[in-house]
Structures are given as structure tokens and as C-alpha cells.
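What follows is a single structure, written as C-alpha cells, with notes after it.
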Amino acid sequence: MALLAPANHSTVLFTLRGFPGLEAAHGWIGIPIFSAYLFAMLGNCTILYIIWTEPGLHQPMYYFLAMLATTDLGLCLTTVPTVMGVLWFQLQKISRHSCLTQIFIIHTFSFMESAVLFAMALDRFLAICFPLRYASLLTTSRVARIGVVLLLRSTLLLIPSLYFLLQFPYCPTAVLSHSYCVHQDVIRLACANTTITSYYGLTLILLTMGSDLLFILVSYSLILKTVLGMTSGDEGHHRAMGTCVSHLCAVLVFYVPVLGLSIVHRFGQHASPLLHIIMGNVYILFPPMMNPVIYSIKTKQISSRILRIVSLKRL
């Protein structure tokens, strides 16, 4: 049998997959996914609105929370419309350039979310371990500069990986294992030696998300040491712990799906295609959907403002 020749770059069309074996139920499957999408959009837009309109929330902690909400909105807007196109309208074909653009944007937002969680850990570390210097250390201008640096880090480090993907020839039977484009998925379809870009991608994840997570763990070990050194009746003891719980929940909500999807991609070649699809959808929907819930419940200033908005609408 003759081997399939790589297709011309301009003619490559990748095929996105829905839920294999459940094609007849795609319409019904799309309902909970779209509902989660709307919930995530509404929740994050509400967080941004409250931070924007509430002068008392114009503080570093909430600026970083606004960055997190913006990142979650970007991740949803980049991926879920493509997923819904596959499930509801059978729009399974995507051009090579559109797919690679989607990969670049998705991973930019993913790295940005990890970076923002790192910045939020820095914020909590300074607020609890250096409370008297906190206001002078994290000024509004410094928070803005931190945001710009994190965004540049998230985008510039991805350019070499995108360049590699643009240079690869792809086989004409380019069927992806997800309902949107993922870096590891596209590399698998390249008709070329992908060793360098695979190692670069792994190194990039370790140097960005890995270092972010390591810093978060170190900062919380120092925070815990500081909190345990407070007297048991100290009001700051309870306040300090309360400000950290929501951030720790956000860390778990983001890193657990990321780790799960990475394990499935690298070690789950023989796993059911449904597992890949489910983990992919959890990865793009769970953090954006849960972060507004976490901060609405655990942050008194935000929860009280939401209650005021709801009570005004009832009048």
C-alpha cells in the first residue's frame, strides 16, 4: 500500500471530532456544554463589572482577580464556539492557519492563567508576610506592569512552537482527537520529525506552569509559617487564612484539569477517545465556570455586592 503523501500547506483541512459513537446525541450533549459556557461568561462578566464599579475593590488583589476573569473569558470565547459548531452544526473542518491560530490563543490564555495565579500568590504573600509594606510594594502601576510582563511571557515563549507547527507538512487524513485545536494533537498529525518541538513544548510547560506552581507552593509554605506564628485569638489570623482559601481553590481548579489533560495526551494513547474529549472540555470549561463561584462565595466584598444587585432587581 502506498504511503500517504503530505498535503500541500494551503490545502490542509483538519477534522475536529465530536463525541465518537454518540454522534446522534450531539444536539443533547451540546446543551450542558453551552449552559456551562453561558454560566462562565455571566460569572466572569459579573466579577469584572463589580470590580470596575466598586471603588473599594480597586486594590491589587482584585486587579489580579480581574486579570483572571479576563483570561477565563478569553479561553471560553476561543474554544467553546468551535465546540458548539461541531456539536450543533457539524462544522468539523478547520483550516490549518485557523487551527494554529486557535492553538496559539488557547495556550496564551492557559499560560496567562497560570501566571496570574502565580501573581495572586505573590500578592497574598506580600499582604500577609509584609503587611506594613504591602501598599508601597504593590502599587497600581506595578500591578499593571506585572500584568504586561506576564502577558508578554505567555505570548513570546509560544512563538517558536508556533513557528515549528507552521513549517511542518501534514498528512491529508488529519483527524484531531478534540472538538478544538490542541498543540499535542496537531503535532501527532505532522508528517515530519517532531522531536525538537515536542521537547520544546514539554520544557516550556515545565519552565512556565511548573515554576509558577512551585512558587505558589513555596509562597504558601511561608504564609503558613507566618500565620502559625500569630496568636490564636489574633483577628489577622482568621482574615489571613480567609483571603488564601479562595486562591488555593482557584489553583486546584486550574492545575488539576491541566495535569489530567497532559497525562491523557502523553500516556493515554490507548484510552477511549471519549476520555480525550471529556478531559478537553473539562479543561476549557471547569476553571472559567468555577472561579466566579469560588470568589463570589469566599470574598465578602463581592458576595455582598452581588446580593445588592439581586435585591435591586427584585424591587
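The values are calculated or read from the model by the stated rules, or taken from the named source; none is laboratory data. Since we're looking at a predicted model, the values are computed, not measured. Ideal geometry is used to build each Cβ from the backbone, glycine not excepted, and the neighbour counts take in all protein chains shown.
Considering only residues in segment 195-208 that are over 16 Å from F111 (Cβ atoms) and modelled with pLDDT of 85 or more, the one that is surrounded by the most Cβ atoms within 10 Å (Cβ to Cβ) turns out to be T197. If you go through segment 128-154 and keep only what is over 24 Å from the mean Cα position of the chain (by Cα) and within 20 Å of S114 (Cβ to Cβ), you end up with just L138. For segment 134-193, filtering for residues that are assigned to a helix (DSSP H, G or I), in contact with a Gly (Cβ under 7 Å, 6 or more places away or on another chain) and under 30 Å from H26 (Cα atoms) leaves 1. Residue under question is A25, and the condition is that it be aliphatic (A, V, I, L, M), buried (at least 19 other Cβ atoms within 10 Å of the Cβ), part of a helix (DSSP H, G or I) and at negative phi; does it hold? Here the answer is no, as A25 does not meet what is asked.
Looking at segment 287-310, is at least one residue over 30 Å from W52 (Cα atoms) and either loosely packed, with under 13 Cβ neighbours inside 10 Å or at pLDDT below 90 (or both)? Explain how you work it out, then say what you get.
Keep residues of segment 287-310 that are over 30 Å from W52 (Cα atoms), which gives none.
No, because not a single residue in segment 287-310 is over 30 Å from W52 (Cα atoms) and either loosely packed, with under 13 Cβ neighbours inside 10 Å or at pLDDT below 90 (or both).
When every residue of segment 63-76 is checked against the conditions, none turns out to be over 20 Å from A115 (Cα atoms), polar (S, T, N, Q) and either touching a residue at least 12 places away in the same chain (Cβ under 8 Å) or loosely packed, with under 15 Cβ neighbours inside 10 Å (or both).
Filtering segment 249-265 down to residues that are surrounded by 17 or more Cβ atoms within 10 Å (Cβ to Cβ) and of a type in the set (A, V, I, L, M), which residue is modelled with the lowest pLDDT? Among those residues, the one meeting the criterion is V264.
Whenever a residue of segment 21-44 is farther than 14 Å from F89 by Cα and touching a residue at least 60 places away in the same chain (Cβ under 8 Å), its partners that are in a helix (DSSP H, G or I) and among the small types (G, A, S), lying with C-beta atoms within less than 8 angstrom and at least six residues away or across chains, give the pairs G43/S296; N44/A69. Only residues that are crowded, with 20+ Cβ neighbours inside 10 Å and out of contact with any Gly (no Cβ under 7 Å at 6 or more places or on another chain) were counted in segment 83-99, giving 4. Quick one: would you say D185 is more than 15 Å from the chain's Cα centre (by Cα), closer than 25 Å to L16 by Cα and among the acidic types (D, E)? Judged against the criteria, D185 is a match. Selection of segment 34-56 for residues being more than 13 Å from N291 (Cα to Cα) and surrounded by fewer than 19 Cβ atoms within 10 Å (Cβ to Cβ) yields F34, S35, L38, Y49, W52, T53, E54, P55, G56.
For segment 194-230, what are the residues that are touching a residue at least 12 places away in the same chain (Cβ under 8 Å) and not in a helix (DSSP H, G or I)? Answer for segment 194-230, where residues must be touching a residue at least 12 places away in the same chain (Cβ under 8 Å) and not in a helix (DSSP H, G or I): just T194. State all residues of segment 162-182 that are crowded, with 21+ Cβ neighbours inside 10 Å and either among the charged types (D, E, K, R) or under 19 Å from the mean Cα position of the chain (by Cα) (or both); if no residue qualifies, say none. Across segment 162-182, the qualifying residues are H178, S179, Y180, C181, V182.
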